[in-house]
Amino acid sequence: MTDTIEEKVYDPAVIEPKWRAKWQDAAIYKVENTTGQPNWMSLTMYPYPSGVLHVGHWFAFSIPDVFARAQRMRGYNVMYPMGFDSFGLPAENAAIKHNIHPAKWTYENIDDMTRQFDLMGAMIDWDRKVITCDPEYYKWNQWFFLKMLEKGLAYRAGGSVWWCPNDQTVLANEQVVDGNICDRCGAEVYKRDLEQWYLRITDYAQELLDGLDGLDWPERVKTMQRNWIGRSEGARLSFALEDGKTLDVFTTRPDTVFGATFMVLAPEHPYVAEITTPEQRAAVDEYVKKARTKTEIERQSTDVDRQKSGVFTGAYAINPVNDARIPIWIADYVLMTYGTGAIMAVPSGDTRDFEFARQFDLPIIPTVQPTNGEPLDGATMTEAYHGDGIVVNSGPFDGMTQSEALPKMIEWLSEQGRGQAEISWRLRDWLISRQRYWGTPIPVVYCDTCGMVPVPEDQLPVVLPLDAEFKPTGQSPLITHESFVNTTCPQCGGAARRETDTMDTFIDSSWYWFRYASPHDDTAPFDRIAAEEWNPVALYCGGIEHAILHLLYARFFTKVIRDLGMIDVDEPFSRLRNQGMILSEDGRKMSKSRGRQIGPDELVAAHGADALRLHLMFLGPWEQGGPWNDRGITGMERFIRRAYTVVEELGTTQSGAASGSDAERSLTALQHRTIKRATDQIDSFGFNTMVSALIEYVNELMKLKETDIVTSPVWRDAVETLVLLMAPATPYVAEEMWEMLGKPFSVHQQSWPVYDSALAVEATIEIPVQINGKVRDRVIVPSGATADDQLAAARALEKVVALIADKQIVKEISVPGRLVNIVIK
RNA sequence: GCGGGCGUGGCGGAAUGGCAGACGCUGCGGACUUAAACUCCGUUGGGGAGACCCGUGCGGGUUCGACUCCCGCCGCCCGCACCA
């Protein structure tokens, strides 16, 4: 009893804190901007500090950490930075609810989440952390704003925003759910007109569209951005009104202008009040009033088989091509926010116009006849025709094909001064004002003599006062903060008032990754040299929910920053990967308010962070996500224990010389095949199958450790490879095992094992032998066997001989290293 | 309506046109234990005593060979949606 060697037992509760402290003391995650190695920024969308991390966060952060660690072992100087997107509504809401200051709430959450990132074992250099609600950071939001103001990219204009009558506040679009419901209190919200600040993202529409082509991003995200940007080619046409005004419309089908039999204005169109005749006034006013109370969703939905509605204004326009007098209607299917807010209606060629015409008995004139089938007749046709065909009823263009006529028509309209080619965009300028407290103050003042004056750069930051009253009152909270609001004009020195709106928090996240390169620079948002070492970002990971807004804004900011001459980068993120969402066990979103969050702390206490990391990797394809379950986590613990046992027992075996036996060759082959699988699967984000490869490897080693091979140096090499391959996925236990192997600290500063295809080949392989495509037997052949060798071996098999004895052989297929198939009749 | 994705055991899932269900969980049987937990071994798609047969949403097709490719359906999920 006394002389038995004490067996070490895997105990994550002991080894995880031990190595966490050691890593911190040794600062092994400290990142330098330049080393001898190529830089690789492995960026993950920084979290909102909403409380503690749940397993969904771990899924989003620990798996990119695995990738980053593998990259580091593969010879890159890797930065896996982290920060906190810490301005925003939830801090205010929590503050109001719990009567705690947003700053206190935010910083407490940051502390909690930082602890959990460390628990996870994430490879984060905290010296580089970015906290966006820190004046040191948001100062540069203000600086960028001033630069954009200078370049005319920031401007102030009227606009309508969502208003919640219950909370007495304006809401961001993201805070409005189900069309018109306040996300926070459930009240019905509506739109109000307010003066707002905008950024001219539309100036970059074409480049934002074109730039997508060269990016290694999920096609889905690129498509969503293309749809959002929404480029349409067409023409702008001018219609004369009877009162002398002209009405411009945008159309993608200028070739159908001869079929325009009426016009439609959006109810909000400025002409509505001016052109409506006295007889129609009452009906029009009522319609406009009704349209305003409808939500966008109601107005735009098509699936409630809702009929078109509209009202005649009493006014007429002149069709510029044939001088036809056509009525002007208003209808809510025309949107003020797209094109010119007015359309020429061509019922024969447009489904919506067709429905409207039938509903209100307006004339329908076909302008394109399909080349096959019955000719269309405006009186009898049952749906609009969009296809190609022969142009009719169109004066000089009759007889051309539709595709021929289109460019000619634009040319002709142009010559007549009645229109020109135009490109229309769905993308709107970015509204950045928020009537909220917890955000970056917009750095301008209003002076009675000088008007709007930007705060000079050397007076930045305009600090957000911490002692403001921020409960919702119906206006920007800072308005009531006298010492903030009242200031002097930087131009004339007279009395002035500060802007009290704050910036959209998407501004913060539009450039934060540049800051990681030089997080403490107090002379500029980032140091150019340092930023160029790390940009463009090699890999960006995050949720699909940011497919449009954040990723589009970030691309926009990057281009603006480039045009400010600050960095030579066109696109911020070369490669993008989206994780799926981890749902609660019942398949719903893991929302905090509904108490469906699964916390990692208990799981780590019970199973260890390494096992939890493996479990998250193993749940399924990372890009897919799915409902959470903790059933499989015990399997991951078993795997770790087995690996631990293999390493632990190695210490007790003696090393001899390599014998060159088949067993040794076979083990080395397995080792190298595993290296290849693990490496390839990390590259392709197949973390679940990477874990499978490791498990299979350990299972084999478990069997082999009962054989003589354990005395061979080949065995030791195979075990060391196991530990290295596990290092990214299970950083704690890998470090422990590395130490058990007598290796110097740290396993995370070692090189990734190198795959050697020559060593990965077994002496012999087993291949299936099929008769008529059905497996009937297997045969062992030397691994270099030719097709003929395989076939001969297969045909020598007793079972095969019996099966083909009295049959005619039609065909024999032999694929070296794969199979043999004999087709018989 | 348009665009994209996905349908494989009890469950999560795996398969460059080449042994379907790797790997894990669960279940079952066994070893160890006074007992249990842990651990280890075996087994685990369905049918059949068995040789074998059936089986990747459904129906066709291409191929020596199809989860994989093609055509036509069905179902589910996501995005966009009266964008002129």
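Determine, yes or no, whether A:A547 is among the small types (G, A, S) and at pLDDT 90 or above. Please lay out each step first, then the result.
On the way: among the small types (G, A, S): yes; at pLDDT 90 or above: no.
So A:A547 fails the test.
Which numbered condition in (1) over 30 Å from A:P375 (Cβ atoms); (2) of a type in the set (A, V, I, L, M); (3) buried (at least 16 other Cβ atoms within 10 Å of the Cβ) is the only one that A:I423 fails?
(3)
Counting only residues that are exposed (fewer than 15 other Cβ atoms within 10 Å of the Cβ) and without any contact (Cβ under 8 Å) to a residue 24 or more places away in the chain, how many does segment A:779-791 have?
The qualifying residues number 4.
Of all residues in segment A:377-420, which are buried (at least 18 other Cβ atoms within 10 Å of the Cβ), within 41 Å of the chain's Cα centre (by Cα) and not in a helix (DSSP H, G or I)?
A:A384, A:Y385, A:G419
Taking segment A:353-384 as the search range and keeping residues that are modelled with pLDDT under 90 and closer than 15 Å to A:A260 by Cβ, which one is farthest from RNA strand B (Cβ to nearest atom)?
Among them, the one singled out is A:G378.
Among the residues of segment A:222-254, what is the count of those that are assigned to a loop (DSSP other than H, G, I, E, B) and surrounded by 18 or more Cβ atoms within 10 Å (Cβ to Cβ)?
Restricting attention to segment A:222-254, the residues satisfying the condition of being assigned to a loop (DSSP other than H, G, I, E, B) are A:230, A:242-245, A:252-253.
Still in the list and also surrounded by 18 or more Cβ atoms within 10 Å (Cβ to Cβ): A:253.
Number of matching residues: 1.
Restricting the search to segment A:341-365, which residues are within 15 Å of A:A324 (Cβ to Cβ) and either under 38 Å from the mean Cα position of the chain (by Cα) or not in a helix (DSSP H, G or I) (or both)?
A:M344, A:A345, A:V346, A:P347, A:S348, A:L362, A:P363, A:I364, A:I365
In segment A:325-332, is there at least one residue being within 11 Å of RNA strand B (Cβ to nearest atom), at pLDDT below 90 and outside the structural domain of A:K191 (by TED's automatic domain parsing)?
In the first step, residues of segment A:325-332 are kept if they are within 11 Å of RNA strand B (Cβ to nearest atom); the result is A:331-332.
Now drop any that are not at pLDDT below 90, which leaves A:332.
With the extra rule that they be outside the structural domain of A:K191 (by TED's automatic domain parsing), the set shrinks to A:332.
Yes - at least one qualifying residue is present in segment A:325-332.
Specify the residue that is modelled with the highest pLDDT; the eligible residues are those in segment A:554-610 that are among the hydroxyl-bearing types (S, T, Y) and loosely packed, with under 15 Cβ neighbours inside 10 Å.
Within segment A:554-610, the first condition is being among the hydroxyl-bearing types (S, T, Y), and the residues that meet it are A:558, A:574, A:584, A:591, A:593.
Then drop every residue that is not loosely packed, with under 15 Cβ neighbours inside 10 Å, which leaves A:591, A:593.
Numbers: A:S591: 63, A:S593: 58.
Looking at residues that are among the hydroxyl-bearing types (S, T, Y) and loosely packed, with under 15 Cβ neighbours inside 10 Å, I get A:S591.
So which helices (runs of 4 or more DSSP H) are wholly in segment A:594-700 and hold at least 1 residues that are in contact with a Gly (Cβ under 7 Å, 6 or more places away or on another chain)?
Numbers: elements: A:600-607, A:609-618, A:633-650, A:662-683.
Because the criterion is at least 1 residues that are in contact with a Gly (Cβ under 7 Å, 6 or more places away or on another chain), the helices (runs of 4 or more DSSP H) in segment A:594-700 that meet it are A:609-618.
From the residues in segment A:798-825 that are within 56 Å of the chain's Cα centre (by Cα) and part of a loop (DSSP other than H, G, I, E, B), which one is nearest to RNA strand B (Cβ to nearest atom)? Before you say what the answer is, go through the steps one by one.
Initial filter on segment A:798-825 (within 56 Å of the chain's Cα centre (by Cα)): A:800, A:810-824.
From what's left, part of a loop (DSSP other than H, G, I, E, B): A:816-818.
Numbers: A:P816: 10, A:G817: 8, A:R818: 4 Å.
Top of the filtered list is A:R818.
Going through A:I365, A:I390 one at a time, which residue ends up being of a type in the set (A, V, I, L, M, F, W, C), assigned by TED's automatic domain parsing to the domain that holds A:A324 and in contact (Cβ under 8 Å) with a residue 40 or more places away in the chain?
On the way: A:I390 fails: in contact (Cβ under 8 Å) with a residue 40 or more places away in the chain.
Only one candidate qualifies: A:I365.
Let me spell it out: the conditions are (1) in the same structural domain as A:V392 (by TED's automatic domain parsing); (2) at pLDDT below 90, and A:Q280 meets all of them except one. Which number is the exception?
Of the numbered conditions (1) in the same structural domain as A:V392 (by TED's automatic domain parsing); (2) at pLDDT below 90, the odd one out for A:Q280 is (2).
When segment A:778-819 is examined, which residues are found to be of a type in the set (G, A, S) and over 19 Å from A:I765 (Cα atoms)? So that I can check it myself, show each step before the final result.
Initial filter on segment A:778-819 (of a type in the set (G, A, S)): A:783-785, A:787, A:792-794, A:796, A:802, A:805, A:814, A:817.
A:A802, A:A805, listed by residue number.
Looking at segment A:748-765, can you tell me whether even one residue there is in a helix (DSSP H, G or I) and assigned by TED's automatic domain parsing to the domain that holds A:G660? Before you say what the answer is, go through the steps one by one.
Here is the first cut: in segment A:748-765, the ones in a helix (DSSP H, G or I) are A:748-749.
Now drop any that are not assigned by TED's automatic domain parsing to the domain that holds A:G660, which leaves A:748-749.
Within segment A:748-765 (the criterion being in a helix (DSSP H, G or I) and assigned by TED's automatic domain parsing to the domain that holds A:G660), the answer is yes, since at least one residue qualifies.
So for segment A:649-665 (the condition being polar (S, T, N, Q), out of contact with any strand residue (DSSP E or B) (no Cβ under 8 Å at 6 or more places or on another chain) and within 16 Å of RNA strand B (Cβ to nearest atom)), does at least one residue qualify?
So in segment A:649-665, the residues polar (S, T, N, Q) come out as A:652-655, A:659, A:661.
Okay, now just the ones that are also out of contact with any strand residue (DSSP E or B) (no Cβ under 8 Å at 6 or more places or on another chain), so A:652-655, A:659, A:661.
Filter again for within 16 Å of RNA strand B (Cβ to nearest atom), leaving none.
Looking for residues that are polar (S, T, N, Q), out of contact with any strand residue (DSSP E or B) (no Cβ under 8 Å at 6 or more places or on another chain) and within 16 Å of RNA strand B (Cβ to nearest atom), one finds none in segment A:649-665, hence no.
Looking at segment A:269-285, can you tell me whether even one residue there is in a loop (DSSP other than H, G, I, E, B) and small (G, A, S)? Give the steps one after another, and end with the answer.
First, pick out the residues of segment A:269-285 that are in a loop (DSSP other than H, G, I, E, B): A:269-270, A:276-280.
In the following step, the residues that additionally are small (G, A, S) were identified as none.
The answer is no; no qualifying residue exists.
Pick from A:D134, A:D118: which is within 25 Å of A:G56 (Cα to Cα) and either outside the structural domain of A:T44 (by TED's automatic domain parsing) or of a type in the set (D, E, K, R) (or both)?
Details: A:D134 fails: within 25 Å of A:G56 (Cα to Cα).
Selected residue: A:D118, the only one of A:D134, A:D118 that is within 25 Å of A:G56 (Cα to Cα) and either outside the structural domain of A:T44 (by TED's automatic domain parsing) or of a type in the set (D, E, K, R) (or both).
On the basis of being within 30 Å of A:L614 (Cα to Cα) and either crowded, with 17+ Cβ neighbours inside 10 Å or not small (G, A, S) (or both), does A:Q750 make the cut? I'd like the intermediate steps shown before the answer.
On the way: within 30 Å of A:L614 (Cα to Cα): yes; either crowded, with 17+ Cβ neighbours inside 10 Å or not small (G, A, S) (or both): yes.
Here the answer is yes, as A:Q750 does meet what is asked.
Of the residues A:G632, A:G580, which single one is in contact with a His (Cβ under 9 Å, 6 or more places away or on another chain) and either touching a residue at least 24 places away in the same chain (Cβ under 8 Å) or within 15 Å of RNA strand B (Cβ to nearest atom) (or both)? It would help to see each step written out before you state the result.
Numbers: A:G580 fails: in contact with a His (Cβ under 9 Å, 6 or more places away or on another chain).
Matching residue, one of A:G632, A:G580: A:G632.
Between a residue in segment A:794-822 that is surrounded by fewer than 13 Cβ atoms within 10 Å (Cβ to Cβ) and any residue that is among the β-branched types (V, I, T), which pairs come within a Cβ distance under 7 Å, given they are 6 or more apart or on different chains?
A:Q808/A:I824; A:I809/A:I822; A:I809/A:I824; A:V810/A:V823; A:V810/A:I824; A:K811/A:V823
How many residues are modelled with pLDDT under 90 and of a type in the set (V, I, T) if we restrict to segment A:627-655?
Of the residues in segment A:627-655, 2 are modelled with pLDDT under 90 and of a type in the set (V, I, T).
Limited to segment A:466-496, what total is found for residues that are surrounded by 15 or more Cβ atoms within 10 Å (Cβ to Cβ), part of a loop (DSSP other than H, G, I, E, B) and aliphatic (A, V, I, L, M)?
1
Exactly one condition in (1) modelled with pLDDT of 90 or more; (2) over 21 Å from A:V130 (Cα atoms); (3) over 30 Å from the mean Cα position of the chain (by Cα) is false for A:I28; which is it?
(2)
Is it the case that some residue within segment A:729-750 is within 14 Å of RNA strand B (Cβ to nearest atom) and more than 20 Å from A:A643 (Cα to Cα)?
Here is the first cut: in segment A:729-750, the ones within 14 Å of RNA strand B (Cβ to nearest atom) are A:729.
With more than 20 Å from A:A643 (Cα to Cα) added as a condition, the list becomes none.
No: segment A:729-750 contains no residue that is within 14 Å of RNA strand B (Cβ to nearest atom) and more than 20 Å from A:A643 (Cα to Cα).
Can you find even one residue in segment A:636-652 that is under 31 Å from the mean Cα position of the chain (by Cα) and more than 15 Å from A:Y755 (Cα to Cα)?
Going residue by residue through segment A:636-652, those that are under 31 Å from the mean Cα position of the chain (by Cα) are A:636.
Next, only the ones that are more than 15 Å from A:Y755 (Cα to Cα) stay: A:636.
For segment A:636-652, residues under 31 Å from the mean Cα position of the chain (by Cα) and more than 15 Å from A:Y755 (Cα to Cα): present.
The values are calculated or read from the model by the stated rules, or taken from the named source; none is laboratory data. Given the structure is predicted, the values throughout are model-derived calculations rather than measurements. When we count neighbours, we look across all protein chains shown, and the Cβ atoms used for this are built from the backbone with ideal geometry, even at glycine.
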